[in-house]
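*Asks:* Would you mind keeping the following structure in view while I ask a few things?
The values are calculated or read from the model by the stated rules, or taken from the named source; none is laboratory data. Here the structure is a predicted model, which is why all the values come from computation and not from measurement. When we count neighbours, we look across all protein chains shown, and the Cβ atoms used for this are built from the backbone with ideal geometry, even at glycine. We work out accessible area using only protein heavy atoms, side chains counted, and drop any ligands, DNA or RNA first. Shrake-Rupley method; radii C 1.70, N 1.55, O 1.52, S 1.80 Å.
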Amino acid sequence: EKMAGAYRSGSDLHQATAAIITGKPPTEIGPGDRQTAKAVNFGLLYGQQAKGLVEIARRDYGVEMSLEDAQRFRSRFFNAYPALAGWQRDAKLLAHQKAATGTEAYTLLGRPRKLASGNFWPIFTGLLNHPVQGTAAEGLKKAMIRLTRELPEDSGIVGTVHDELIVEAPELNAQEVCEMVSRIMREEMERVLGGQVPVAVEAKVVGSWGEK
């Protein structure tokens, strides 16, 4: 609920997590603190232990942290977000129970992913990964379907990159198309999430995707 509340209030979640793990007031959080929080948010969401968090922070975010720091950050993170900790405990228990037989993970819309038997860790990470990334993918695909129908005839989707859409439009009405794309992506993802939290979408007009 605390994490959902941050979304509802329009707070910067990475800044909020940075304040939690560092003990600093939000007004004193700097770019380095926020980058550390990104590593913590995305690393711990998918079940990383302290050692794995150290490696992900260095490799993916350019953040150096000691094992002791990672252990402290992990403890503070899950103390602040107990529902997330409970979700991961349930996934861990199920992964242990189904390690020999395999199981399935589901998105919010009910799309299954088979998780093969024989190893606890892939089942555990699949139970965490698929509901998050699979649900995000469903929202994006629904936005793509709607945009294909509603974009002006002189505009169109030319590419996707993870959770991003690249839309080509004439310069004259590019800003209008940009606002339309942002609105539809937000509306479709919020619909998938059942209106539980607002969705933020960043969109801008550039000459090429490389300028974004």
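*Asks:* How large is the direction-averaged shadow of the alpha-carbon convex hull of segment 64-156, in nm²? Walk me through the numbers before you get to the answer.
*Replies:* Details: hull surface 38.3 nm².
Result: a mean projected hull area of 9.6 nm².
*Asks:* What angle, in degrees between 0 and 90 and rounded to the nearest 10, separates the Cα long axis of helix 13-22 from the longest principal axis of the Cα atoms of the chain?
*Replies:* Helix 13-22 sits roughly 20 degrees off the main axis of the chain.
*Asks:* Quick one: which residues, 5+ away or cross-chain, put their amide H under 5 Å from the amide H of residue 167? H built at 1.01 Å from N.
*Replies:* 158
*Asks:* Now for a different question. Can you pull the three principal axis extents for the Cα set of segment 113-188, in Å, largest first?
*Replies:* 56, 20, 17
*Asks:* Tell me the carbon and sulfur percent of the accessible area for the chain, rounded to whole percent, probe radius 1.4 Å.
*Replies:* On the way: 6460 of 12520 Å².
Heavy-atom surface of the chain belonging to carbon and sulfur, 1.4 Å probe: 52 percent.
*Asks:* Additional query: Listed highest first by mean packing, meaning other Cβ atoms within 10 Å per residue, what order do 49-58, 141-150, 159-168 come in?
*Replies:* On the way: 49-58: 17.0, 141-150: 14.6, 159-168: 13.1.
Final packing ranking: 49-58, 141-150, 159-168.
*Asks:* Mind jotting down the distance between the C-alpha centroids of segment 152-203 and segment 1-75, whole Å?
*Replies:* If you average the Cα positions of each part, the centres end up 28 Å apart.
*Asks:* Using a 1.4 angstrom probe on the protein heavy atoms only, line up 61, 81, 7 by accessible area, largest first.
*Replies:* Numbers: 61 50, 81 15, 7 105 Å².
Final ranking, largest accessible area leading: 7, 61, 81.
*Asks:* Could you report the accessible area of residue 101 in Å², rounded to 10, computed with a 1.4 Å probe on the protein chains as they sit in the structure?
*Replies:* 100
*Asks:* Further, regarding this structure: Once phi is turned into θ = phi - 60°, what whole-Hz ³J(HN,Hα) does the Karplus curve with 6.51, -1.76 and 1.60 give for every residue of segment 139-150, x standing for Gly and Pro?
*Replies:* Whole-Hz 3J(HN,Hα) from phi for segment 139-150: x, 5, 5, 5, 5, 4, 4, 5, 5, 4, 7, 9.
*Asks:* Continuing with the same structure: Could you check the spin-label model distance between residue 141 and residue 89? Points 7 Å from the Cα along Cα→Cβ, value in nm.
*Replies:* Inter-label distance under the simple model: 3.4 nm.
*Asks:* What does the accessible area per residue of segment 80-212 come to in Å², with a 1.4 Å probe and no ligands, DNA or RNA counted?
*Replies:* Details: 8270 Å² over 133 residues.
Per residue, segment 80-212 has an accessible area of 62 Å².
*Asks:* Using a Cα-Cα cut-off of under 14 Å, which aspartates and glutamates could be cross-linked to residue 98, ignoring same-chain neighbours fewer than 8 residues away?
*Replies:* Within the straight-line limit of under 14 Å, residue 98 reaches these aspartates and glutamates: 90.
*Asks:* Calculated FRET efficiency, residue 175 and residue 27, Cβ-Cβ r, R0 41 Å, to nearest 0.05? Could you put the intermediate results ahead of the total?
*Replies:* Values: r = 33 Å, r/R0 = 0.81.
The calculated FRET efficiency here is 0.80.
*Asks:* Using 0.36 nm per residue, how much length does the chain from residue 34 to residue 148 gain when fully extended, once their Cα-Cα distance is taken away?
*Replies:* On the way: separation 114, 0.36 × 114 = 41.04 nm, distance 3.61 nm.
Roughly 37.4 nm would be gained on extension.
*Asks:* Could you please put 155, 11 in sequence from largest to smallest accessible area, using a 1.4 Å probe? Walk me through the numbers before you get to the answer.
*Replies:* Details: 155 20, 11 60 Å².
So the residues, ranked largest to smallest area, are 11, 155.
*Asks:* Where in segment 113-130 does the label zone of residue 55 land, with the point 7 angstrom along Cα→C-beta and an amide N cut-off under 18 Å?
*Replies:* Within reach of a label on residue 55, which here means backbone N under 18 Å from a point 7 Å along Cα→Cβ, segment 113-130 contributes 119-126, 129.
*Asks:* Now a separate question. Go through segment 123-134 residue by residue and turn each phi into a ³J(HN,Hα) via Karplus (6.51, -1.76, 1.60, θ = phi - 60°); whole Hz please, and just put x for glycine and proline.
*Replies:* Values per residue, Gly and Pro as x: 5, 4, 5, x, 5, 8, 6, 4, x, 7, 6, x Hz.
*Asks:* Give me the extension gain from residue 67 to residue 166: residue separation times 0.36 nm, minus the current Cα-Cα distance, reported in nm with one decimal. Walk me through the numbers on the way to the answer.
*Replies:* Numbers: separation 99, 0.36 × 99 = 35.64 nm, distance 3.93 nm.
That works out to 31.7 nm of additional length.
*Asks:* When the Debye formula is applied to the Cα atoms of segment 1-143, each taken as the same point scatterer, what base-10 log of I(q)/I(0) results at q = 0.09, 0.10, 0.14 Å⁻¹?
*Replies:* Those come out to -0.31, -0.38, -0.74, one per q.
*Asks:* Only Cα pairs under 8 Å and at least 6 apart count here; give the relative contact order of the chain as a rounded whole percent. Please list the in-between numbers first.
*Replies:* Working: 249 pairs, mean separation 28.6, N = 212.
About 13 percent, as a whole number.
*Asks:* For residue 3, what accessible area in Å² do you get when you roll a 1.4 Å probe over the heavy atoms of the protein chains, rounding to the nearest 10?
*Replies:* Surface accessible to solvent at residue 3 totals approximately 50 Å².
*Asks:* Give me P(r) over segment 146-201, computed from all C-alpha to C-alpha distances, binned every 10 Å, as integer percentages.
*Replies:* Going out from 0 Å in 10 Å bins, segment 146-201 shows 23, 52, 22, 3 percent.
*Asks:* Over the Cα atoms, compute the radius of gyration (one decimal) and Dmax (the largest Cα-Cα distance, rounded to a whole number) for segment 56-212, in Å.
*Replies:* Taking only Cα atoms of segment 56-212, I get Rg and Dmax of 19.8, 59 Å.
*Asks:* Over 25 Å between Cα atoms, which of 24/212; 92/114; 38/142 qualify? Provide the component values of the computation, followed by the final result.
*Replies:* Details: 24/212 31 Å; 92/114 16 Å; 38/142 27 Å.
Table pairs above 25 Å Cα-Cα are 24/212; 38/142.
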